[in-house]
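Student: This is the structure, below, for whatever I ask next.
The values are calculated or read from the model by the stated rules, or taken from the named source; none is laboratory data. These numbers were taken from a predicted model, which means no experiment stands behind them. For neighbour counting, all protein chains shown are included, and Cβ atoms are generated from backbone atoms with ideal geometry for every residue, glycine included.
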């Protein structure tokens, strides 16, 4: 954490030696480029389980399904208790004809055209989520490219560029060009200390000129050179259509608006960097593949867990059939509990004080996602935006375009909102489904004027109103993490928690899978009579 | 070209008003975001041709095929003369069992596994190449994402980072972070003039802090904040695998090496920006689709044009059957000649002095491309690189990974070299095919140590040795463009040239298609008796 990229010459002697060790070690680790990509190094290799050992798994989301999958391989008798009438949890895809009833009673029916879908939960897989990719391959889930980062998509702010959406590539090129020019100017005119590693001012200036596409006087200008990066007002073409022409640069004041660099940053984070993937046809193909591959796996659907009791011999789970109201119990030697903390805090759970305190300590975020179907792919046809994401500082936060069946005719579904700020999420959560659609249309049409004309239907999922989640993802604060993470991640008697909330990457399927693998390794060690 | 992104306050009064008009016009043009994307606004709508009008088209590459396709729609009698035994020209895909004989006599047989392929010519379609996308859709050519820009691919230089390849995301993050920190330092410490549009130093500093991920003291450091962009040494994971940790930053001296910013720039140009496409299964599906759709189109294959004569009544093309040696002639009312200038300069062509001078004035580039098949996708399995391009300052210039069938087992083909510098291209052109493979392996294994162990076979195309091209693409200098472009792009008697050489974007299929559309519009106007 103290590694320093450069220092002034005066500071160098003081700092030298601090980072060399870490750097050397890191380079050794990265001989094949693998360090840091993922802590996943392959599926667990569990020894043969003691015959007849029973494990009850609460929740048929990805963490629960993976636990069942690997524990069964090792010979455990596994059973899953699931609240819904389907597997997958947030690994969820809404398609034509689906109905969804949220807390408060509003029911939405999905009216999309056949083949169109909307993932209200996870919707993309980063290339460094190796556990997800591993199991997709093992289970035969077909993946295709998911494009998040599209230079031709828009950045929009009501407070910059007079509210007009701008192409990512122009905004980014011009911001970088301007800042590079400014630094070159400071270097040329000022008495700046050169940073360590730079022998000559000319060396730095040459890099600035190259990286910023500056001209021979170190200025960033509209010309055919910068157009190679930022695009043209008249594109290079064929025949007698005239020579290419660069467009005017964007205004610096607008480029510097916080909404703009925030918009740029949102597309540049590690979790959004190419290459990303999505399952062909909908995210729930992952959970479906898990279930399909586990022939004869007992899953009790429509079963609401009301109590988790344990003693030295066994775990006893009480659940209620949500259709008949009938209450039943299931006993097992061990339990993998993947219920979200938001749910777990509401039922009777016989666990250590540390565990119970942890469960109460972690709030859940309240994101809202909206899928909308439009008559045609106007973003492709009119604006040459194929997949990827436009960002805005409005409440909807983004518009993410479909990454499959490019250039096809007929209706298509895009992600019309993914509220990220808490205030915005709560405001959308408080609306009726119809009001959410209206709000998303009003905000979306500031980016795409075709919105109202082409709109067909929409569906929204406000995660705080999802009966089986009561939130979108665990929001671990640093202090909660410090005080409580150990408690939720370690076996508590005969129960071990799993799920993305038991990870450093909540809300991502990778966290769910990795936490599940760690959970079953702990369980297996105890079950085999090894020390904890 | 005189548009200025910012000026000092002193300069402002002088410059004001210069760019406002252009900007306003541009914004009006971009109301739907379309200006500059492409000059293609749809296929030509030609009136009905005079009955019996014959057009001979020289070359069955994309320009020739499109001319045939559109002229036939209008009722022309069209015939194509083609040197090779297949359509497509550089729209070309090599597959298992294909043989290719280059000038000098060396014959290569492609040994790839079934389903694997290599595009020696164009290999990707930018999202703004609207004519290509239009005809792909019209002809039913299935497209899929082509990923060029991959943050997890490498930048490599023998002269930076001790020759070790570095991940794009780390190089780019650290360069940007360092430069932003340096500018913040200059602003904080110096007496810099603020650029126009910036009211307060704090406004600029806040943007720098946000964009550069600088800490509260405006320093770019290794921490969990910058790791959100540059990645981790220990990734956020699940269970008890420990908290995420940032990796050490890269060395500034190496970051500033010209090979590094050149490498970064190469992935940031407009023509390489996401979203890009490729036809599923090989680029030649475009030319094949053109031929398939033109039922009964006469194409004379194996026909080497030796003479193009014209008078006031007709065009007469003399050609030699390359198999039998038999010489024949075909007469037509008009001719669309898509032969490359490199070939056209070597045959007898009855044209204006201006045309003949132009043909002699444009040299062709000599790029070399190498496709290599490896036993397995080690770049995916070992290094989490899925598609995209690694760049190097070695002669091979790049390694581009396959963008289809991610995570599949079995052999896969990558683009192992695409020499861009003239010297390097000529050196590779001078080698035997086997020597080229050896050189590409030696350079490639500096990036991927698995190279030799996993290599199966390779095939190279040195474009100066391609008998029907004698080069890769027209290399128009500014002065040649100024003196000669008009001559090649305008109808010359009864002959009009078409092809990517008659465009401002040579080497791209878009240039070929757009020039062809302009050519047939000229031809049609003359043929209908309208003024030129």
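Student: So which residues in the stretch B:399-422 are more than 21 Å from residue B:364 (Cα to Cα) and in a strand (DSSP E or B), if there are any at all?
Tutor: Passing the criteria: B:399, B:400, B:412, B:413, B:414, B:415, B:416.
Student: Out of the residues in the stretch B:134-155 that are touching a helix residue (DSSP H, G or I) at 6+ places or on another chain (Cβ under 9 Å), within 8 Å of chain A (Cβ to nearest Cβ) and in a loop (DSSP other than H, G, I, E, B), which is nearest to residue A:269 (Cα to Cα)?
Tutor: B:151
Student: If residue B:192 meets every condition in (1) part of a loop (DSSP other than H, G, I, E, B); (2) more than 7 Å from chain A (Cβ to nearest Cβ); (3) in contact with a helix residue (DSSP H, G or I) (Cβ under 9 Å, 6 or more places away or on another chain); (4) under 21 Å from residue A:180 (Cβ atoms) apart from one, which number is that one?
Tutor: Of everything listed in (1) part of a loop (DSSP other than H, G, I, E, B); (2) more than 7 Å from chain A (Cβ to nearest Cβ); (3) in contact with a helix residue (DSSP H, G or I) (Cβ under 9 Å, 6 or more places away or on another chain); (4) under 21 Å from residue A:180 (Cβ atoms), residue B:192 misses just condition (2).
Student: Residues in the stretch B:317-338 that are in contact with a helix residue (DSSP H, G or I) (Cβ under 6 Å, 6 or more places away or on another chain) and in a strand (DSSP E or B): how many?
Tutor: 2
Student: How many of the residues making up the stretch A:251-273 are within 7 Å of chain B (Cβ to nearest Cβ) and either buried (at least 20 other Cβ atoms within 10 Å of the Cβ) or not in a helix (DSSP H, G or I) (or both)?
Tutor: 8
Student: Being within 14 Å of chain B (Cβ to nearest Cβ) and within 30 Å of residue B:387 (Cβ to Cβ): is that true of residue A:277 here?
Tutor: Details: within 14 Å of chain B (Cβ to nearest Cβ): yes; within 30 Å of residue B:387 (Cβ to Cβ): yes.
Yes.
Student: May I ask you to list the residues in the stretch B:67-87 that are in contact (Cβ under 8 Å) with a residue 60 or more places away in the chain and part of a helix (DSSP H, G or I)?
Tutor: Those that are in contact (Cβ under 8 Å) with a residue 60 or more places away in the chain and part of a helix (DSSP H, G or I): B:67, B:68, B:69, B:70, B:71, B:72, B:74.
Student: Scan (1) buried (at least 22 other Cβ atoms within 10 Å of the Cβ); (2) closer than 30 Å to residue B:143 by Cβ for the single condition residue B:358 breaks and write down its number.
Tutor: (2)
Student: Please go through the stretch B:222-245 and give me each residue that is assigned to a strand (DSSP E or B) and facing chain A (nearest Cβ under 7 Å), ordered by number.
Tutor: Selection gives B:232, B:233, B:234, B:238.
Student: Go over the candidates A:73, A:48 one by one and state the one that is closer than 30 Å to residue A:473 by Cβ, modelled with pLDDT of 95 or more and surrounded by fewer than 18 Cβ atoms within 10 Å (Cβ to Cβ).
Tutor: A:73 is the lone residue from the list that is closer than 30 Å to residue A:473 by Cβ, modelled with pLDDT of 95 or more and surrounded by fewer than 18 Cβ atoms within 10 Å (Cβ to Cβ).
Student: Further question: Residue by residue through the stretch A:102-133, note down the ones that are part of a strand (DSSP E or B) and touching a residue at least 40 places away in the same chain (Cβ under 8 Å).
Tutor: The answer is A:108, A:117, A:118, A:125, A:126.
Student: I'd like the residue in the stretch A:382-396 that is more than 20 Å from residue A:276 (Cα to Cα) and under 23 Å from the mean Cα position of the chain (by Cα) and, out of all such residues, is surrounded by the most Cβ atoms within 10 Å (Cβ to Cβ).
Tutor: Among them, the one singled out is A:396.
Student: Now, a different point. Any residue at all in the stretch B:156-164 that is in a helix (DSSP H, G or I), in contact (Cβ under 8 Å) with a residue 60 or more places away in the chain and surrounded by 17 or more Cβ atoms within 10 Å (Cβ to Cβ)?
Tutor: Within the stretch B:156-164, one or more residues are in a helix (DSSP H, G or I), in contact (Cβ under 8 Å) with a residue 60 or more places away in the chain and surrounded by 17 or more Cβ atoms within 10 Å (Cβ to Cβ).
Student: Among the residues of the stretch B:514-525, is any touching a helix residue (DSSP H, G or I) at 6+ places or on another chain (Cβ under 8 Å), within 30 Å of residue B:99 (Cβ to Cβ) and surrounded by 21 or more Cβ atoms within 10 Å (Cβ to Cβ)?
Tutor: yes
Student: Here's another thing I want to ask about it. Any chance you could count how many residues in the stretch B:261-286 are more than 30 Å from residue B:170 (Cβ to Cβ) and touching a helix residue (DSSP H, G or I) at 6+ places or on another chain (Cβ under 6 Å)?
Tutor: The number of residues fulfilling the criteria is 1.
One line per residue, one yes/no per condition, for (1) surrounded by fewer than 23 Cβ atoms within 10 Å (Cβ to Cβ); (2) assigned by TED's automatic domain parsing to the domain that holds residue A:71; (3) under 26 Å from residue A:118 (Cα atoms):
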residue: A:323; (1), (2), (3): yes, yes, no
residue: A:328; (1), (2), (3): yes, yes, no
residue: A:337; (1), (2), (3): no, yes, no
residue: A:380; (1), (2), (3): yes, no, yes
residue: A:400; (1), (2), (3): no, no, yes
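Student: Do we have residue A:305 as farther than 30 Å from residue B:168 by Cα, crowded, with 21+ Cβ neighbours inside 10 Å and within 14 Å of chain B (Cβ to nearest Cβ) here?
Tutor: no
Student: Moving on. If you take the residues of the stretch A:200-247 that are more than 24 Å from residue B:183 (Cβ to Cβ) and in contact (Cβ under 8 Å) with a residue 24 or more places away in the chain, which of them is surrounded by the fewest Cβ atoms within 10 Å (Cβ to Cβ)?
Tutor: It comes out as A:246.
Student: If we scan the stretch A:198-208, do we find a residue that is part of a loop (DSSP other than H, G, I, E, B), within 30 Å of residue B:191 (Cα to Cα) and more than 7 Å from chain B (Cβ to nearest Cβ)? Show your work before the answer.
Tutor: From the stretch A:198-208, those part of a loop (DSSP other than H, G, I, E, B) are A:198-200; that's our starting set.
Going one step further and asking which of them are within 30 Å of residue B:191 (Cα to Cα), we end up with A:198-200.
If we keep only those that are more than 7 Å from chain B (Cβ to nearest Cβ) as well, we get A:199-200.
Yes - at least one qualifying residue is present in the stretch A:198-208.
Student: In the stretch A:374-389, is there at least one residue being in a strand (DSSP E or B) and more than 14 Å from chain B (Cβ to nearest Cβ)?
Tutor: Yes: the stretch A:374-389 contains one or more residues that are in a strand (DSSP E or B) and more than 14 Å from chain B (Cβ to nearest Cβ).
Student: When you look at residue B:297, is it more than 7 Å from chain A (Cβ to nearest Cβ), assigned to a loop (DSSP other than H, G, I, E, B), in contact (Cβ under 8 Å) with a residue 24 or more places away in the chain and within 30 Å of the chain's Cα centre (by Cα), yes or no?
Tutor: Yes.
Student: In this structure, does residue B:352 turn out to be touching a helix residue (DSSP H, G or I) at 6+ places or on another chain (Cβ under 8 Å), farther than 24 Å from residue B:258 by Cβ and surrounded by fewer than 20 Cβ atoms within 10 Å (Cβ to Cβ)? Walk me through how you get there before you give the answer.
Tutor: Numbers: touching a helix residue (DSSP H, G or I) at 6+ places or on another chain (Cβ under 8 Å): yes; farther than 24 Å from residue B:258 by Cβ: yes; surrounded by fewer than 20 Cβ atoms within 10 Å (Cβ to Cβ): yes.
Spelling it out, residue B:352 is indeed touching a helix residue (DSSP H, G or I) at 6+ places or on another chain (Cβ under 8 Å), farther than 24 Å from residue B:258 by Cβ and surrounded by fewer than 20 Cβ atoms within 10 Å (Cβ to Cβ).
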